[in-house]
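Enquirer: Have a look at the structure that comes next, please.
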Amino acid sequence: MTYNQPLGGNSMPRFGGPATMMRLPAQENAQGLDACFVGIPMDIGASNRAGTRLGPRQIRAESRMIRPYNMATRAAPFEAMQVADIGDVPINTFDLKKSVQIIEDYYHALLSHDAIPLTLGGDHTLTWPILKAMAKKHGPVALIHVDAHSDTNEAMFGETIAHGCPFRRAWEDGCLINDRVTQIGLRATGYAADDFDWGRAQGWRVVQAEECWYQSMKPLMEEVRARVGDAPVYLSFDIDSLDPAFAPGTGTVEPGGLSTWQAYEIVRGCAGLNLVGCDLVEVSPPYDPSGNTAVIAANLLYEMLCALPKSEAHRLAR
């Protein structure tokens, strides 16, 4: 079988070619694919700085330097999987509730093709409808959630749908396997001393950022892997989990966050798990003048692709 390949820099200058993720071929839907990149250009669920509607386009633009082989892990995802960029979800930019339903319906159709979606956000509200579609296909899933915030609010400004609420809604909808949920990187200030304890009360493993300072994430990811086991697992990565020294281009920055190398250890630590989907959310280009936040996001999405089951199986078999 011939697999799609990213357009190389020796065939077309990096600043030219298609405006797709890694300059991969574009496709209208996920038919025939093992994995796909899909954007959700949305920021109507954001509570502070806007701009994440522009995230998917900028991540794609900054992905142009990524080459097909992972020199650290020796993964070669484009030798093992058929991958394409299937464009953006056509949300209703004036109606968040309608957009949530549009996203759920879109992912339900996407998952009927048995492709694994790698989602470019977009604000974090989008993860709730994706998890609803995941649960329809796989049943409840394990979750690895990397973020500065728990996103388990009951409501924001009286609204139950917002980027601070997706994992409370997913829990209410029975989308999650409670004893296989891990949150990593939570930090900063709150409204009450027990703000991060809601997840703990549900049986979730909550790892605050201070536990990660000066530490390799490899031991933690060994614990996470044991916790997840062979369950279907979804990885949701909010770019604001990183310290703003690395990733300032986001809507709700918090100091004291993870480093880029810790982020790599977390994503690479997911290899071998039964990953059924991943997202990278909350990149806001207006606050990213150097483009570095989007560059990091693009590379983390590539690392997610490398960690998918077919890619990891191919790596181990080489």
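Enquirer: Find the accessible area per residue for region 277-318; the probe is 1.4 Å, ligands and nucleic acids are left out, and the unit is Å².
Expert: 32 Å²
Enquirer: So, one more: For region 133-290, just the Cα set please: Rg and Dmax, both in angstrom.
Expert: Reported Rg and Dmax, both Å: 15.0, 41.
Enquirer: At what distance in angstrom do the alpha carbon centres of region 272-318 and region 93-164 lie from each other?
Expert: Measuring centre to centre over Cα atoms gives 17 Å.
Enquirer: Okay, next question. Counting heavy atoms of the protein chains only and a 1.4 Å probe, report the per residue accessible area for region 201-250 as a whole number of Å².
Expert: On the way: 2130 Å² over 50 residues.
Accessible area per residue: 43 Å².
Enquirer: Something else: HN-Hα J couplings of region 134-151 from phi, Karplus 6.51/-1.76/1.60, θ = phi - 60°, integer Hz, Gly and Pro as x?
Expert: Using θ = phi - 60°, the values come out as 4, 5, 5, 8, 10, x, x, 10, 6, 9, 10, 10, 10, 6, 7, 10, 6, 6 Hz.
Enquirer: Rounded to the nearest 20 Debye, what is the dipole magnitude of the chain about its Cα centre when Lys and Arg each give +1 and Asp and Glu each give -1 at the C-beta?
Expert: Here the chain has a charge dipole of around 980 debye.
Enquirer: Calculate, axis by axis, the spread of Cα positions in region 82-205 along the three principal axes, and write the results as whole Å, longest axis first.
Expert: Largest first, region 82-205 extends 45, 33, 22 Å along its Cα principal axes.
Enquirer: Quick one: what Rg and Dmax do you get for region 1-49 from the alpha carbons, in Å?
Expert: 14.9, 47
Enquirer: Still on this structure, please answer the following. Please compute the per residue accessible area over region 44-128 with all protein chains in place, 1.4 Å probe, rounded to a whole number of Å².
Expert: Roughly 42 Å² per residue, with all protein chains present.
Enquirer: Something else now. I need the phi-derived Karplus couplings for region 3-10: 6.51 cos²θ - 1.76 cosθ + 1.60, θ = phi - 60°, integer Hz, Gly and Pro marked x.
Expert: 9, 4, 10, x, 6, x, x, 8
Enquirer: Then there's this: Under the rule of at least 5 residues apart or a separate chain, name every residue whose amide H is placed under 5 Å from the amide H of VAL281.
Expert: So VAL281 has HN proximity to GLY121, PHE237, ASP238, ILE239.
Enquirer: Hey, what's the per residue convex hull volume over the C-alpha atoms of the chain, in cubic angstrom?
Expert: Hull volume normalised by residue count: 124 Å³.
Enquirer: Sticking with this one: Say we join alpha carbon atoms closer than 10 Å with springs in a Gaussian network model of the chain; which of LEU305, LEU126, LEU111 then has the biggest fluctuation?
Expert: Fluctuation is largest for LEU111.
Enquirer: What does the charge dipole of region 65-119 about its Cα centre add up to, to the nearest 20 debye, if the Cβ of each Lys and Arg holds +1 and the Cβ of each Asp and Glu holds -1?
Expert: 220 debye
Enquirer: Follow-up question, since we're still on this one. Which number gives the lysine pairs in the chain that have C-alpha atoms under 20 Å apart and are eight or more places apart or on different chains?
Expert: 5
Enquirer: Also: Just to be sure I follow the definition: excluding the sites themselves, where is the longest run in the chain that has none of the GluC sites (Glu not before Pro) in a DSSP loop with at most 16 other Cβ atoms within 10 Å?
Expert: 155-318
Enquirer: Apply the Karplus curve 6.51 cos²θ - 1.76 cosθ + 1.60, θ = phi - 60°, to the phi angles in region 216-226 and return the couplings in whole Hz, x for Gly and Pro.
Expert: My calculation for region 216-226 gives 6, 8, 4, x, 4, 5, 5, 5, 4, 4, 5 Hz in order.
Enquirer: Determine the share of region 79-178's accessible area contributed by carbon and sulfur atoms, expressed in whole percent, with a 1.4 angstrom probe.
Expert: 54 percent
Enquirer: What is the percent of Cα-Cα separations in region 214-260 that go past 13 Å?
Expert: 64 percent
The values are calculated or read from the model by the stated rules, or taken from the named source; none is laboratory data. The structure presented is a predicted model; accordingly, all values stated were derived computationally and were not measured. Methodologically, a virtual Cβ is constructed for each residue, glycine included, from the backbone with ideal geometry; neighbour enumeration extends over all protein chains shown. Ligands, DNA and RNA are excluded from the accessible area calculation, which covers all protein heavy atoms including side chains. Shrake-Rupley method; radii C 1.70, N 1.55, O 1.52, S 1.80 Å.
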